[in-house]
Amino acid sequence: VWEDPSVYLDARGHWHLLSHVYPTNTTNWLQYADIVAGHAFSKDGIEWTFHPTPPWTADVTNTDGSTRHYATRERPFLLLSDDAHRTPVALFTAVTLPGRPKQNYTKDGGDYSFTHVQPIRH
């Protein structure tokens with residue numbers, strides 16, 4: 001399932017779609033973190049190619065070199081440079097920690113998700 005799409009145009013005028021992706025062939029919610037993202041691209045916005053490799057995973061390497069595994073990474077959004085190159089600078093995703101329920105599933109109506117910002121290296 002592809003949901004929460006974010007679309008942008010690169011400097012060449014080509015379309016890119018980033019999305020939260022999860023499998024529907026499992027009832028084991030722990031497997032949902034294995035596939036968390038998808039990327040599709042198009043020259044004209046009509047004919048699309050879906051890349052077979054996810055553009056990111058649920059594992060993030062922090063600036064100190066440590067790695068953190070998130071239970072979910074949803075609602076992707078890119079920050080692009082404000083010059084003519086429109087280079088991706090940072091990836092924003094909503095994340096939850098393993099062992100925590102997804103958003104709005106707590107008895108008190110709380111929300112365990114938070115926004116994660118990941119710099120993009122070039």
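The values are calculated or read from the model by the stated rules, or taken from the named source; none is laboratory data. These figures come from a predicted structure and were not determined experimentally. Here the Cβ is made from the backbone with ideal geometry for all residues, glycine too, and neighbour counts use every protein chain on show. Each accessible area value is taken on the protein alone, full model and side chains, heavy atoms only, with ligands, DNA and RNA left out. Shrake-Rupley method; radii C 1.70, N 1.55, O 1.52, S 1.80 Å.
Tabulated data
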item: Solvent-accessible heavy-atom area per residue, rounded to whole Å², over region 1-89 at 1.4 Å; result: 64 Å²
item: Heavy-atom accessible surface of region 1-97: percent carbon and sulfur, 1.4 Å; result: 56 percent
item: Packing-based ranking, highest mean first, of 44-54, 67-77, 4-14 given that Cβ atoms within 10 Å are counted; result: 67-77, 4-14, 44-54
item: Whole-Hz ³J(HN,Hα) from phi, Karplus 6.51 cos²θ - 1.76 cosθ + 1.60, for region 18-25, glycine and proline x; result: 10, 8, 6, 10, 8, x, 10, 9
item: Förster radius 22 Å - calculated FRET efficiency between Val7 and Ile46, Cβ distance, rounded to 0.05; result: 0.95
item: Three-way shape label, region 1-101, alpha-carbon gyration tensor, a/c 1.5; result: oblate
item: In nm, spacing of pseudo-spin labels at His116 and Phe77 (7 Å Cα→C-beta vector); result: 1.7 nm
